[in-house]
Ligand code: FAQ
C-alpha cells in the first residue's frame with residue numbers, strides 16, 4: 001500500500017501537480033518542507049532586526065517611510081511562511097522556540113551588523129537580490145501553499161531590491177564620502193550575500209533529495225552563479241568595485257568567475273558564532289517575552305466572546 005502511495009506521489013511530482021496539505025506525502029518530504037519553510041520564516045523575522053536598527057536614523061522622511069514599509073513586508077513574509085508550515089502540521093510556537101534555543105537555523109546573513117546608512121542600500125540590493133534569485137524558482141516548488149506564498153513574497157522582494165539599489169546609486173553618485181560609504185557596505189556584504197545560497201553543491205546534504213521532490217528547482221551553486229552574473233554589471237554601472245581579486249568574465253561561458261568563499265566563516269556563523277548571533281536571538285526572545293501579555297489578553301478576550309456567544 002505504502003509503495004503504491006509512494007509511486008502515486010512521485011508520479012504527481014513528475015507531472016508537476018502540486019502537493020496539497022491533505023494529500024498523502026512521505027514523512028521525509030513533510031519533514032524537509034517543515035525545516036526549510038520554518039527556517040525561511042525565522043529568516044524573515046530575524047531579518048527585520050538589522051534594518052529595524054536604522055528606521056529612526058533614516059536620512060529623511062521619504063527614506064524612513066520606505067524602510068518602515070520594507071521591514072513590515074518582511075514581517076508579513078514571516079507570517080505567511082509560518083502559516084504554510086502549519087498546513088504541514090508544524091506548531092508555530094514550538095518552531096519559534098526551536099529558533100530561540102538554537103535548534104532551528106535562520107539565514108547566516110542576518111548575523112552581520114549594520115554599521116552605516118549605506119548598509120540599508122547594500123541589504124536591499126544584495127540580500128533581497130539574493131533572496132529573489134533563490135525564491136523566484138520557489139514559486140514553482142512542489143508544495144502548493146509554499147509555492148503560492150512565494151508569488152506575493154517575490155513581488156515585494158523585487159520592490160525591496162530596487163529600493164536598495166536606488167540608495168546605492170544615490171550614494172555612489174554623491175560626495176566622495178558617500179561613495180566611500182557605499183563601497184564599504186558592498187565590501188562587507190558581498191561575501192556574506194554569496195553565502196546565503198548555502199554550502200557548495202558538493203557539501204549540500206539536502207540538495208539531491210530536494211531536487212528529486214522538486215522542492216528545490218536549482219542547486220545552491222547554480223543560483224549563486226546566477227546572482228553573481230546579474231549583480232556584477234550592476235556594481236560596475238554605478239562605479240563600485242566587487243571586493244574579489246579573482247573575479248573575471250569568461251567570454252566562452254558568458255559567466256563571471258569568482259574567488260573561493262570563506263567556508264570556515266560560513267560554518268562558524270551557522271553554528272551560532274557570527275558577530276551578531278547572540279544579539280539577534282536575545283532580541284527575538286525578549287520580543288516574545290514582552291509580547292506575552294498581549295497574546296494572553298487577546299486569548300482571554302476571545303474566550304470571553306466565545307462564552308457570550310453560547311448564552
Ligand atoms: N544560513 O543541504 P543544504 C530572506 C543550512 S532570504 C543558515 O544546502 P537546503 C529575505 C541548511 O538549512 C533568506 N543556514 O540545505 C529577507 C541546512 O540546515 P540543517 C532566507 C544555512 O535547505 C531579505 C544545512 O545548512 N531564505 O529572509 C544556510 O537544501 C532582507 C545544509 O544546507 C530562505 O530560507 C545559510 N545561508 O538549502 C528578509 C529560502 N545555507 O539541515 C529580511 C528558502 C544552508 O542543518 C531582509 N530556503 N543552511 O537544518 C532554501 O532555499 C534552502 O533552505 C537553502 C539551503 C538554499 C537556504
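The numbers here are math on the coordinates, done by the rules we state, and not lab data. Just so we're clear, the structure is a prediction, and the values are computed from it rather than from any experiment. Here Cβ is always computed from backbone atoms with ideal geometry, including for glycine, and neighbour counts include all displayed protein chains.
Here is a check on your reading of the model: is residue 272 at positive phi, surrounded by fewer than 20 Cβ atoms within 10 Å (Cβ to Cβ), in contact (Cβ under 8 Å) with a residue 24 or more places away in the chain and away from the ligand (no atom under 16 Å from the Cβ)? No. Among residues of the range 131-144 that are within 9 Å of residue 19 (Cα to Cα), those with a beta-carbon under 7 Å from a residue that is within 12 Å of the ligand (Cβ to nearest atom) and part of a helix (DSSP H, G or I) at least six positions away or on a different chain give the pairs 143/33. The single residue among 99, 25 that is buried (at least 19 other Cβ atoms within 10 Å of the Cβ) and either away from the ligand (no atom under 16 Å from the Cβ) or without any contact (Cβ under 8 Å) to a residue 24 or more places away in the chain (or both) turns out to be 25. For the range 133-146, taking the residues that are in a helix (DSSP H, G or I) and surrounded by fewer than 20 Cβ atoms within 10 Å (Cβ to Cβ), the one that is farthest from the ligand (Cβ to nearest atom) is identified as 144.
Residue pairs whose Cβ atoms lie under 9 Å apart, sitting 6 or more positions apart in sequence or on different chains, and linking a residue in the range 241-267 that is in contact (Cβ under 8 Å) with a residue 24 or more places away in the chain to a partner that is in a strand (DSSP E or B), are 242/256; 255/249; 256/248; 256/249; 256/250; 258/248.
Return yes or no: is residue 208 surrounded by fewer than 23 Cβ atoms within 10 Å (Cβ to Cβ), within 14 Å of the ligand (Cβ to nearest atom) and not in a helix (DSSP H, G or I)? Answer is no for this residue. The selection criterion, being within 13 Å of the ligand (Cβ to nearest atom) and within 17 Å of residue 53 (Cα to Cα), does not hold for residue 153. Contact annotation: residue pairs with Cβ atoms under 6 Å, 6 or more positions apart or on different chains, pairing a residue in the range 3-18 that is under 11 Å from residue 142 (Cα atoms) with a partner that is in a helix (DSSP H, G or I), are 18/144.
A Cβ distance below 6 Å, combined with a sequence gap of six or more or placement on separate chains, defines the contacts here; from the range 198-221, residues that are touching a residue at least 24 places away in the same chain (Cβ under 8 Å) reach residues that are assigned to a helix (DSSP H, G or I) and near the ligand (Cβ under 6 Å from one of its atoms) in the pairs 216/210.
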